[in-house]
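Have a look at the structure below before the remarks.
Each value in this text was obtained by applying a stated rule to the coordinates, not by laboratory testing. Predicted model only: the values in this text are computed from it and were never measured. Cβ coordinates were reconstructed from backbone atoms using ideal geometry, including for glycine residues, and neighbour counts include every protein chain displayed.
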Amino acid sequence: MSYVENVAEYNKMSLAEMRDFLANYDGPEIHIMEVCGSHTAAISKNGIRGMLSEKIHLISGPGCPVCVTPTAYVDRLIELAMTPNTCVVTFGDMLRVPGSKYSLSEVQGMGGRAIMVYSPMDIFALAEKEPETTFVFAALGFETTTPVYALLLEEVIERNIENVKLLTALKTMPGVIEYLCENGASIEGYLAPGHVAAVTGSDLFKPLAEKYQIPFAVSGFEGEEILEALCGIVKAYQKGLCEGTQTSFAQVMNFYPAVVSAEGNLRAQELVTKYFQATDAAWRGMGIVPGTGMELRPEYEKYDAGSKALVEDNKRNKACCCDQILMGKMQPQQCPLFGKVCKPLTPQGACMVSEEGSCHSAFASF
Amino acid sequence: MEERISMVHGSGGAATSELIGSIFAKEFASTTLDKMEDSAVVEGAGKIAMTTDSFVVTPVSYPGGDIGRLCICGTVNDLLMRGAKPKYITCGFILQEGLEVSKLQEVVHSMAECAREAGVEIVAGDTKVVNGNGELYINTAGVGFVPEDREVSAERVCVGDAVIVSGNLGDHHAAILGTRMGIVNEIESDNAPLGEIVESLFAANIDVHTMRDITRGGLATVLKELAKTSNTTIELEEEKLPVTPQVKDFCGLLGLDPLYMGNEGKLVALVPVEEAEAAVAAIRGAKYGQDACIVGFVNDKAPGKLHLRTRIGGLRNLEILQGEGLPRIC
C-alpha cells in the first residue's frame, strides 16, 4: 500500500487545474463518501457539487453527531429537562432534534429546562450560580469532541463539583466506516475527516484502506483543500484501475499535513483513555455497531446521567428516511418528506436539523 | 449604595416625575418635549415615513455601544432606507425593578447623543416599571419626511443592478456574542446612524432602486427577500464580501457565517450598474461608509434565487436564515 505523508507538497495542482480535472473527469463512475459532517457543510458552502463531472458522486456519510444519535437519547435528554432541579446543557443543534414525541426546544415551553451554550466549559458558571440544580451536558460527538468532555470531567473532579453530569453518545469513526464497507452502498473513495484525524492520526485509516482496497484522503475544510483531496481520490482510483492489481487501490493520503500527523494528538488520546472506554454504540439506521462508542469508565460512573442502553430509535415520522440517507443508500431528495413537510424549520428527522446534516445541506443547495 | 429602579418609579406619582425630570427631560430637552403635554404637536410634510421598533438587546452595554445608541440607530436607519429624512422619535421605556439608575442615566445619555448625531428630535416618551432583574427594554416610533422625488422600494430592483454594501459584515452580531461568551477580542459593534451615507447617495444623483439596513438575518436574508420580491437573481461574489479579519476568525472559531450575521450600521443598496462606481465613491466619502464596495449583481438566470459565486468558483444557493440565529441581538 502506498502511504503518502504530504501529498499536497509533491502533487500540487493549481486551482484552475483542479477545477478542470474534476469537471472533465470521464472515467468510470466514482462514488466518494465524505464521512464528516463538517465536510458535508463545507462542500455545500463552497458549491462543490456543481463543479464536478457527472461521473463523480459525493455521498454524505454518518458523520453528523446529532444525525446518528437515536431518538432514545433525545428522549432521555427530554426526561432530564423535565425533571425538577435538573437542566440540560447542550450545543444549539441538539435543541431542535426530534425525539420520538418532542424536541428539547418544544419541551422548553412545557416547563423543561435546556440551555444552549457555545462551549461545554460554560456549564461551570451555570453550576456555580445554581448549586441546587444538576446540570447535564449532552455530550455527543466523535473523536474530535471527546477530549473536550474529558477536560470538562477533569475540571469537575479537580474542583469537586457535585452538580455537573454527562449524558454521553460518543462515537468513533473507524468501526462505522468498516460497517459501511461491509453493508453500505458501493463507495470507491473516502474523504476522511480532518478534525478526527488531527486527534487520532491519519494512520487510523490504514487498516481500512488495506482491507477494503479503497483510497482515503484526509482533508481540511477550506474549499481548495477539499478539491485537492477529491483530485487525490480520483487519481488514486484511476491509478488503481490502471494497475489493475489486487492491492493497487489502497492509499491513505494526508492532504492536511499542517494539522494532521500520522500518529495524532497523543495528549488528547491519553486524556480520553483516562476517562472513557470503548463500548458498543447505537447508530440511527444501523443499530448497534460493536466497538464504535465511548462511555465513561466504571470509576467515573457517578458522573453519568443514564447513558446506557439508549438504543431505541422511534422515528417521529414513519416516512423519514434518515437511516437510509446516513448509510449513503439514498439521497436526501429521494425521501418523500424532503422539502415538503421536512424543512429546516420543521425537521422530521435529525439530518434536516444540523447544518452538518445531509438533508439540511441538500435543502440549502439546489 | 447604588440607587436602583423600584416599582415606585412606575407609579405615575412623585417618584416617576423625579425620574423623568432628572434623567429624561434633562437629556432629551427640546422645545417640543419641554412642554410635557400628553402628546407632541410637530410640523408635517407631504410624504411621511413611519416605523416602530423594540429593543431588548442583552447585554445592555457592549463594545462600541449600548441599547440607547442602538435604539436611535435602528429607528432612523429604518426610515432612511425608504429615502426619508428622519425627524421625530418617541420612546417607551420598560424598566425592570433593580435596574441601576446610573445605568439608565448612561443609556439615556447615549440615546440623546446619538439622536443629536442623527438629527432627530425625541418628542415624546413613556416609562413603565415591571418586575424582573434589572434589565431594560425600549420601544420607539420614528417619523421621517420623504422628499417628493425619491422612490426607494424593493419593487424597483431590476436586472443590471449592482449590489453595494456600505461596509464590513457581522460586527454587531460578533460584538454581542463575544461579550455574552466572555471572549476577549477587539470587535466592536458597528451601530451607527446611516443618514450621511444616504444623503451622499442622493446628493451624487444616484438613482437608488432600493436600500435595506443589514440587521437580523444578515445580508443573505435581506437579499434573498429582495430577490423573491423582485423576481430576479442576485449573485454575490464571495471574494468581494467585506469582513474584517477579527470577525472572520471569530466566525471560524464558532462556525458562524458572516452572511447571516446582523449589523446595526450597514446598508445594502441596489443601484443601476453604470452608477455603481459613483455610488461607492459617494458612500466612501460619508461617515461610516469608508469600507463600501460592490459585492454582486442582479441577473435573470434563476428568478427568486440568491446565489454566491464561491472563492473556488462553485455556486452556492443561499436561503433566508433558518432557525433562531442569535436571540436578543437588538
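Name the residues whose placed amide hydrogens come within less than 5 Å of the amide hydrogen of B:C293, ignoring near sequence neighbours (fewer than 5 apart) on the same chain.
B:V165, B:G167
Based on DSSP H runs of at least 4 residues, each adding -39500 (n - 2.57), what is the mean residue ellipticity at 222 nm of chain B after dividing by all its residues, to the nearest 500 deg cm²/dmol?
-8500 deg cm²/dmol
Taking beta carbons within 10 Å but only from partner chains, what does the mean come to for residues B:304-316?
6
Report, in whole Å, the centroid distance computed from the Cα atoms of the stretch A:71-98 and the stretch A:222-261.
About 40 Å separates the Cα centre of the stretch A:71-98 from the one of the stretch A:222-261.
To the nearest 20 debye, what is the magnitude of the charge dipole of the stretch B:183-330 about its Cα centre, counting +1 on the Cβ of each Lys and Arg and -1 on the Cβ of each Asp and Glu?
Here the stretch B:183-330 has a charge dipole of around 420 debye.
Return the calculated 222 nm mean residue ellipticity for chain A, to the nearest 500 deg cm²/dmol, obtained by summing -39500 (n - 2.57) across DSSP H runs with n ≥ 4 and dividing by the residue count.
Dividing the helical sum by the residues of chain A leaves -10000 deg cm²/dmol.
If one computes the Cα centroid of the stretch A:120-168 and of the stretch B:126-173, what distance in Å separates the two points?
Each part's Cα centre sits 41 Å from the other's.
In the stretch B:7-146, what is the volume of the convex hull around the alpha carbon atoms, normalised per residue and reported in Å³?
Cα convex hull per residue, to the nearest whole number: 99 Å³.
If you place +1 on the Cβ of every Lys and Arg, -1 on the Cβ of every Asp and Glu, and leave all else neutral, what size is the dipole of the stretch B:7-146 about its Cα centre, to the nearest 20 Debye?
Dipole of the stretch B:7-146, to the nearest 20 debye: 420 debye.
Using θ = phi - 60° and the Karplus curve 6.51 cos²θ - 1.76 cosθ + 1.60, what whole-Hz ³J(HN,Hα) does each residue of the stretch B:108-118 get, with Gly and Pro shown as x?
Running phi through 6.51 cos²θ - 1.76 cosθ + 1.60 with θ = phi - 60° gives 5, 5, 6, 5, 4, 5, 5, 4, 4, 4, 7 Hz.
May I ask which residue of B:G83, B:V146, B:V163 lies farthest towards the positive end of the charge dipole of chain B, with charges of +1 (Lys, Arg) and -1 (Asp, Glu) on Cβ and the Cα centre as origin?
Looking along the dipole axis, the top candidate is B:V163.
Across peptide A:341-354, what mean number of C-beta atoms from other chains lies inside 10 Å of a residue's C-beta?
Taking all residues of A:341-354 together, the mean is 1.
Give the lysines whose C-alpha is closer than 27 Å to that of B:K26, dropping any in the same chain fewer than 8 places away, or say none.
Partners found: B:K35, B:K85, B:K87, B:K103, B:K128.
In whole Å, how far is the Cα centre of the stretch B:20-41 from that of the stretch A:333-365?
The stretch B:20-41 and the stretch A:333-365 have Cα centres spaced 54 Å from each other.
Quick check for me: using +1 on Lys/Arg Cβ and -1 on Asp/Glu Cβ, what's the dipole size of the protein assembly as shown about its Cα centre, in debye to the nearest 20?
For the protein assembly as shown, the charge dipole is close to 1500 debye.
Treat the stretch A:232-366 as a sphere of radius equal to its Kirkwood radius over Cα pairs and apply Stokes-Einstein at 4 °C in a medium of 1.567 mPa s; give the translational diffusion coefficient in µm²/s, rounded to a whole number.
Diffusion coefficient, whole number: 69 µm²/s.
Mind sorting A:Y300, B:Y88 by how few other Cβ atoms lie within 10 Å of their own Cβ, fewest first?
Lowest count first: A:Y300, B:Y88.
Can you work out ³J(HN,Hα) from phi for every residue in the stretch A:39-46, in order, using Karplus 6.51 cos²θ - 1.76 cosθ + 1.60 and θ = phi - 60°, giving whole Hz and x for Gly and Pro?
5, 4, 5, 5, 4, 5, 4, 8
As an exercise, use a Förster radius of 25 Å and the Cβ-Cβ distance of B:V42 and B:E106 to find the FRET efficiency, rounded to the nearest 0.05.
0.35
Put +1 on the Cβ of each Lys and Arg and -1 on the Cβ of each Asp and Glu in chain A; which of A:I161, A:Y102, A:N85 then has its Cα farthest toward the positive end of the dipole?
A:Y102
Can you give the direction-averaged projected area of the convex hull of the alpha-carbon atoms in the protein assembly as shown, in nm²?
32.8
Calculate how steeply helix A:173-183 sits against the longest principal axis of the alpha-carbon atoms of chain A, using the helix alpha-carbon long axis, and give the answer as 0 to 90 degrees to the nearest 10.
Once rounded, the angle reads 60 degrees.
Compute the label zone of B:K35 within the stretch B:53-88: residues whose backbone N is under 16 Å from the point 7 Å along Cα-to-Cβ.
Once the point is set 7 Å along Cα→Cβ of B:K35, B:88 turn out to lie under 16 Å by backbone N, inside the stretch B:53-88.
Inside 10 Å of the C-beta atoms of B:186-196, what's the mean count of C-beta atoms belonging to other chains?
That average works out to 0.
Give me D for the stretch B:154-318 in µm² s⁻¹, whole number, from Stokes-Einstein with Rh from the Kirkwood sum over alpha-carbon pairs, 10 °C and 1.306 mPa s.
100
Can you give the Rg to Rh ratio of chain A, both from alpha-carbon atoms, with Rh computed by the Kirkwood formula?
0.98
Quick one: of A:K101/A:K165; A:K45/A:K329; B:K240/B:K305; A:K340/B:K305; A:K343/B:K248; A:K239/A:K329, which pairs are farther than 21 Å apart, Cα to Cα?
A:K101/A:K165; A:K45/A:K329; A:K343/B:K248; A:K239/A:K329
Could you sort the peptides B:305-318, A:270-283 by per-residue average Cβ neighbour count (10 Å cutoff), highest mean leading?
The packing order, highest mean first, is B:305-318, A:270-283.
Over 10 Å intervals from 0, what percent of Cα-Cα pairs in chain B sits in each interval?
6, 26, 31, 23, 11, 3, 0
Which Cα, out of A:V311, A:C335, A:Q324, lies furthest along the positive dipole direction of the stretch A:289-366 (beta carbon charges, K/R +1, D/E -1)?
Farthest towards the positive pole: A:C335.
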